[in-house]
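Student: Please see the structure below; I have some questions.
Nothing in this text is a laboratory measurement; each read-out follows from the coordinates by a stated rule. Remember, predicted model here, so these are calculated numbers, not experimental data.
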Amino acid sequence: GSQGLEPCGGSASLSAVLASRSRLLVAGLCRLQPDLFLLDSFPFGRWFLRAEVLAGICRVKAVNSAARVVCWLRDVPRVTRLDPDPATGRHPGDAGRTWPTRPGDDGRGEALELLNAHVDAIVVHGDPRVARLDEQVPWSGGLEIPVFYSGYVQQEAPRCTPVPGRQGAGPLVV
């Protein structure tokens, strides 16, 4: 489909499948009554699932007013070669559609408004000494919620065994 989505099997339309997903999500949240609702990259990505995510947020808050909603970013969003031309806001090859200039930036400030109104915090899985959200997302200065950086997660580094006969064998940094 136009958003990279197509329904699997059956004859249901994409809008019918998304509506069904939303109903299932809301029903599951009613049963679980979670204390924490994690949004994977939304609204920095998956903007096309906005209705489904907002329905979930509203249901979580309705069944547990103390529940927290957290945006979980595995990476600091950045412009890639697939992003639109910043000067025009147009995506290459797209017939005149206006695209956001950054992930999560719908061009009208909706992402910022959504975060401030519905999300309690953002957790960025990264190190602010390497990449900061405010350096990559111009509108993030308007955030009224805290942004936390978790650092990088790794297992203990393996012991390096020098290769016999090789001079200067040491750790390889990639």
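Student: Ordered by residue, what ³J(HN,Hα) values in Hz, to whole numbers, does the stretch 136-143 give under the Karplus form 6.51 cos²θ - 1.76 cosθ + 1.60, where θ = phi - 60° and Gly and Pro are x?
Tutor: Each residue of the stretch 136-143 in turn: 10, 10, x, 7, 5, x, x, 5 Hz.
Student: Report ³J(HN,Hα) in whole Hz for each residue of the stretch 28-35, in order, from the Karplus equation J = 6.51 cos²θ - 1.76 cosθ + 1.60 where θ = phi - 60°; Gly and Pro get x.
Tutor: Per-residue couplings from phi come out as x, 5, 5, 5, 7, 6, x, 8 Hz.
Student: Which cross-chain or sequence-distant (5 or more) residues have an amide H under 5 Å from the amide H of Phe37, H modelled 1.01 Å from N in plane?
Tutor: Under 5 Å from the amide H of Phe37: Arg68, Val69, Val70.
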